[in-house]
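A quick write-up on the structure given underneath.
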Amino acid sequence: MDAIAPADSAGLENLGRSDCFALLRTVPIGRIVFTEAALPAIQPVNFVLDGEDVIIQTGMGSKLAAATRSAVVAFEGDQYDEDALTGWSVVLVGRAEAVADAAERTRLATLGLTPWALGDRPHYIRIRPEIVRGRRLNRPAAL
């Protein structure tokens with residue numbers, strides 16, 4: 001686990017890189033932020049991590065596949081506990097690339113990623129994060 005970084009101006013704990021990836025591994029859904037027709041777009045996706053790379057699947061001719069082709073994107077995952085008023089958020093920024101190599105697609109198919117949306121999703125997109133940021137809110141227990 002990374003050393004705990006100081007809190008930010010809102011009192012949230014800044015997370016180290018390894019903590020960010022450990023937390024992302026605990027949730028099945030994230031959000032990809034990309035540009036569509038020169039405007040920001042956000043789409044929920046299920047994903048799996050391959051090392052530190054985010055892997056998602058998409059269908060043939062999808063807007064997401066076209067919009068993310070060699071584009072810089074953001075990816076966000078989070079979790080919160082409404083009753084305890086605690087939670088975390090991790091944001092990655094990097095380049096999205098279509099996985100073209102057949103052997104690599106076969107390997108990625110073994111990682112356990114099962115799209116929740118219906119339909120054939122034969123294409124894989126890999127996001128290689130260059131920027132990794134995370135924050136966590138922990139409320140102290142009542143005295």
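The values are calculated or read from the model by the stated rules, or taken from the named source; none is laboratory data. Keep in mind that this is a model prediction, so the values were computed, not measured. With ideal geometry, Cβ positions are generated from the backbone for all residues, glycine too; neighbour counts draw on all protein chains shown. Just the protein is used for accessible areas: all its heavy atoms, side chains included, with ligands, DNA and RNA removed. Shrake-Rupley method; radii C 1.70, N 1.55, O 1.52, S 1.80 Å.
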Net lengthening on full extension, E13/E130 (0.36 nm per residue, minus Cα-Cα)
40.0 nm
R31: net charge of surrounding residues, Cβ under 13 Å, Lys/Arg +1, Asp/Glu -1, itself excluded?
-2
Just one of [x] 16.4, 58; [y] 14.9, 48; [z] 15.0, 45 is Rg and Dmax of the Cα atoms in Å as worked out from the coordinates here. Which one is it?
[x]
Cβ-defined net charge surrounding I127, 13 Å radius [Lys, Arg +1; Asp, Glu -1]
-1
Taking trypsin sites (Lys or Arg not before Pro) in a DSSP loop with at most 13 other Cβ atoms within 10 angstrom as exposed, one finds the longest site-free stretch of the chain at 70-143
Would the stretch 26-110 count as rounded, prolate or oblate if I go by the C-alpha gyration tensor, calling it rounded below 1.5 in a/c and otherwise prolate when a/b exceeds b/c, oblate otherwise?
oblate
Accessible surface of the chain, 1.4 Å probe, proportion on carbon and sulfur as whole %:
57 percent
On the formula 1/(1 + (r/R0)^6), with r taken between the Cβ atoms of W116 and A71 and R0 of 25 Å, the FRET efficiency rounded to 0.05 is 0.60
The extension gain from L39 to R107, computed as 0.36 nm times the residue separation minus the Cα-Cα distance, is 21.1 nm
